[in-house]
Amino acid sequence: GSQTDESSGMTRIECTVVSKGQTGFVTMSGNQGTKFVDLISPFSIFCKELDETIEGCMKATQKLVAAFNSTQQEVATSTAAPLVEAKAELLKLKPKVSTGQQGLQKLKLKVAQEKKGYGAKELREKNAHIEARERKEAEALAAPAVAKAEAAEAALKAFEDAAQPLSSLAGTALDAFAEPLQVTSQAEKLAEAVAASVADLKACATAILADLPKVLKGAMLEARKELMKMGARGDQVKKKCQGVMDAVRGKCQVLVEARAADLSAAFRKQMHEKGLTVEALFSEFAAPSDDKISEEQFCKHAERLLGEAYKKEQITLLYKHIEAGGIGKRRFQSFLQQYFVVLRGIALTDEFEISTAKTIRKAELDEVLELLEGPRADDALGVARIKAKSLSDGVVGWVSLKGNQG
């Protein structure tokens, strides 16, 4: 191929003189842009010959038109019979001459257009292998980051699959789920793997971008654009992971609140049946050595009180929520002792059933009540009621938390 001498600015090429078979170097163009030789091809030779043929035909046609017009002028005023007939014949032929001349002009334009189109096609084909090579190089450059992006998305999929048995549940199906701890533990491990994959992806993309030159074009420019999107791609993975993890923790919180209501009510009932204080009940459960309730003791008593409703992992979740590593007296008291404040004056009754209950007295605004039992739902009236003790005078009775209109 041709090469340009940077010192002289001239382009030279090695070639062979076809007629003599001699080989050597020749200057194609000078440093001022002067062309001495140009590349030819079978197509360029064909086009040159075609152009010459069309040009020859057009010149011949122009001569014919000139002769035709001259002859028409000569016979235009003649009245001789033969010349009148010749004039009529010439008038018939004139449209054919014009049509032929126009046809040549259209052919010339069409050839010029096709040559231009062929040149563009030839250039595309010439550049195709270059573009293919550049694409391959660009793909190889971005491949490590692409692989890490795919790994991060695969890690997200594994995390979502592990979390799905819990994150997809609601209502009674959630309440019956027996393995929230296993799912949460596995999800947390896989969430860490997702975070590590995203960090790895970002670091890889950043490192590749740092080594790229500032000015790029073609496939390399597109590769840089894709690499610049890797950070956002990783952030999207991380965001999805966080959303699912929040959902898992939210489901666990629902279970904790439900079991806290069930078990605290059961503990309070036991406490009042035995006439025990919170401190005395705590002493029954706690190990004397460290004055804390162990997970084993907590679950053991929960199983005894809840019976068939007992689900170990749900109670373990509750245990960790109250105080992981051992429940102390203060936390146990806050778990059992719940208080309500009266927002609007309401009757304190001697029974749960409102229809048959008698009013003991009216609970006044801002009065504080200690929860003893409940909340229990009165399905007939659509209200939730609790058994409570007034801290002001020690009166015990049932009170509605809110009316059936909210």
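The values are calculated or read from the model by the stated rules, or taken from the named source; none is laboratory data. Model, not experiment: these values are computed from the prediction. Note that each Cβ is placed from the backbone with ideal geometry, even for glycine, and that neighbours are counted across all protein chains shown.
Brief remarks on what is shown
- Residue selection: I293 satisfies the criterion of being closer than 28 Å to A176 by Cα, in contact with a Gly (Cβ under 8 Å, 6 or more places away or on another chain), crowded, with 17+ Cβ neighbours inside 10 Å and β-branched (V, I, T).
- Candidate set from region 370-384 (those that are within 12 Å of W398 (Cβ to Cβ) and in contact with a Leu (Cβ under 7 Å, 6 or more places away or on another chain)); member that is surrounded by the most Cβ atoms within 10 Å (Cβ to Cβ): P375
- Check on G234, part of a helix (DSSP H, G or I), closer than 18 Å to A191 by Cα and without any contact (Cβ under 8 Å) to a residue 60 or more places away in the chain: no
- Hits in region 18-46 - residues which are free of Cβ contacts under 8 Å to residues at least 40 places away in the same chain and among the hydrophobic types (A, V, I, L, M, F, W, C): V18, F25, V26, M28, F36, V37, L39, I40, I45, F46
Results for (1) in a helix (DSSP H, G or I); (2) farther than 25 Å from E308 by Cβ; (3) of a type outside the set (S, T, N, Q); (4) modelled with pLDDT under 95, shown as yes or no for each residue.
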position	(1), (2), (3), (4)
A163	yes, yes, yes, no
T172	yes, no, no, yes
A178	no, no, yes, no
L181	yes, no, yes, no
Q186	yes, yes, no, no
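- Consider region 148-168 and keep the residues that are of a type in the set (A, V, I, L, M, F, W, C) and touching an Asp or Glu at 6+ places or on another chain (Cβ under 9 Å). The one that is surrounded by the fewest Cβ atoms within 10 Å (Cβ to Cβ) is A151.
- The set of residues in region 3-57 being exposed (fewer than 12 other Cβ atoms within 10 Å of the Cβ) and small (G, A, S) consists of S7, S8, S19, G21, G24, G33, S41, G56.
- Among the residues here, A219 does not qualify as under 21 Å from the mean Cα position of the chain (by Cα) and either part of a helix (DSSP H, G or I) or among the small types (G, A, S) (or both).
- Any hit, region 123-135, residues being more than 30 Å from D211 (Cα to Cα) and surrounded by 12 or more Cβ atoms within 10 Å (Cβ to Cβ): no
- Residue in region 102-120 that is among the β-branched types (V, I, T) and exposed (fewer than 13 other Cβ atoms within 10 Å of the Cβ) present: no
- Counted residues, region 370-400 - those being small (G, A, S), in contact (Cβ under 8 Å) with a residue 12 or more places away in the chain and assigned to a strand (DSSP E or B): 6
- Test: A357 is in a loop (DSSP other than H, G, I, E, B), in contact (Cβ under 8 Å) with a residue 24 or more places away in the chain, under 30 Å from G394 (Cβ atoms) and aliphatic (A, V, I, L, M): yes
- Residue that is farthest from the chain's Cα centre (by Cα) [pool: residues in region 22-74 that are part of a helix (DSSP H, G or I) and of a type in the set (V, I, T)]: T71
- Any hit, region 74-86, residues being surrounded by 10 or more Cβ atoms within 10 Å (Cβ to Cβ), hydroxyl-bearing (S, T, Y) and over 30 Å from A223 (Cβ atoms): yes
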